[in-house]
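Encoded as structure tokens, the structure appears first; notes follow it.
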Amino acid sequence: MLRLWLYGFVVLCVLALPTLAAAEEAEDARLRSGAILGVNFVYVISDFDFESSSFDSDDPLGVEVSAGYRFNRYVSLEGILQYISEFDIDVNAGFPATFTAWGLSFMPATKVYPLADVLPPWVQPFGQFGIGVLFAHADGFGSDNDATAGFRFGGGVDFYLAPQVVLRAGGGYVLAASDMTLFGEDVTPSYAPITAGLEFRF
């Protein structure tokens, strides 16, 4: 009887080897280097600082796409193109008026995964820092646009739905390095983006 148990145990171990190898391969796939392509929906919490207190802006929606490369389990580099959809800027300078505006930003950003050796590979918190350019276009009494440099920092969590498919949620802050001038009004176009979307690993 003991011999039968031993034979059965050996057979089970042999049968389990492909499963263990597949699990190890899936784990390595999550932490491996490779190309990245992602798309996120964005909710923007406006923190625009207008020179005049008679200006106020809405909190718009947006979308961003990212592409880059993960070098190892700890670091990746991505280029992030973010579009902020048309939103209202309300003016009350003796008379009420409303401008509409939209914005673009492009920022190369570094992502770090400080807990890659601590947590299971299907959940990967990250921190992020980038620097790039912000652009805004406004329509009201005619059209105007301007651009400035900006910084992006924040963090989030990657949840692996499969070795090549990631559900990402994050947040942060985009800090304008200097003012823009729209219709003669100086504005610092800083804001906090809340993002959620999918990333694909190659």
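The values are calculated or read from the model by the stated rules, or taken from the named source; none is laboratory data. Quick caveat: nothing in here was measured; it's all calculated off a predicted structure. FYI the Cβ positions are ideal-geometry reconstructions off the backbone, even for glycines, and counts take in every protein chain you see.
Name the one entry in 117, 139, 186 that is touching a residue at least 40 places away in the same chain (Cβ under 8 Å), charged (D, E, K, R) and not in a strand (DSSP E or B).
117
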- Note on the structure: The lone condition residue 89 fails out of (1) part of a loop (DSSP other than H, G, I, E, B); (2) over 22 Å from the mean Cα position of the chain (by Cα); (3) surrounded by 14 or more Cβ atoms within 10 Å (Cβ to Cβ) is (1)
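Let's see how each residue does on (1) outside any strand (DSSP E or B); (2) within 26 Å of residue 119 (Cβ to Cβ); (3) out of contact with any Cys (no Cβ under 6 Å at 6 or more places or on another chain); (4) at pLDDT below 55:
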residue	(1), (2), (3), (4)
9	yes, no, yes, yes
14	yes, no, yes, yes
24	yes, yes, yes, yes
53	yes, no, yes, no
64	no, yes, yes, no
78	no, yes, yes, no
- Top-ranked residue of the stretch 26-51 - restricted to ones that are part of a strand (DSSP E or B) and over 18 Å from residue 172 (Cα atoms), ranked as modelled with the lowest pLDDT: 50
- Query: What number of residues in the stretch 95-114 are in contact (Cβ under 8 Å) with a residue 24 or more places away in the chain and either of a type in the set (Val, Ile, Thr) or more than 21 Å from residue 192 (Cβ to Cβ) (or both)?
  - Reply: 8
- Task: Could you tell me whether residue 148 is in contact (Cβ under 8 Å) with a residue 24 or more places away in the chain, closer than 26 Å to residue 181 by Cα, loosely packed, with under 15 Cβ neighbours inside 10 Å and of a type in the set (Val, Ile, Thr)?
- Result: no
- Matching residues in the stretch 108-132 (at pLDDT below 95 and aliphatic (A, V, I, L, M)) number 5
- Please state which one of 99, 151, 141, 183 is hydrophobic (A, V, I, L, M, F, W, C) and modelled with pLDDT of 90 or more. 151
- Every listed condition ((1) more than 16 Å from residue 50 (Cα to Cα); (2) loosely packed, with under 15 Cβ neighbours inside 10 Å) holds for residue 177 save (1)
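Kindly evaluate residue 59 against the criterion of being in contact (Cβ under 8 Å) with a residue 40 or more places away in the chain, surrounded by fewer than 16 Cβ atoms within 10 Å (Cβ to Cβ) and closer than 18 Å to residue 135 by Cα. If you could, list the steps in order and put the result at the bottom.
Numbers: in contact (Cβ under 8 Å) with a residue 40 or more places away in the chain: no; surrounded by fewer than 16 Cβ atoms within 10 Å (Cβ to Cβ): yes; closer than 18 Å to residue 135 by Cα: yes.
Spelling it out, it is not the case that residue 59 is in contact (Cβ under 8 Å) with a residue 40 or more places away in the chain, surrounded by fewer than 16 Cβ atoms within 10 Å (Cβ to Cβ) and closer than 18 Å to residue 135 by Cα.
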- Query: Just checking, how many residues over the stretch 142-174 are assigned to a strand (DSSP E or B) and touching a Lys or Arg at 6+ places or on another chain (Cβ under 8 Å)?
  - Reply: 10
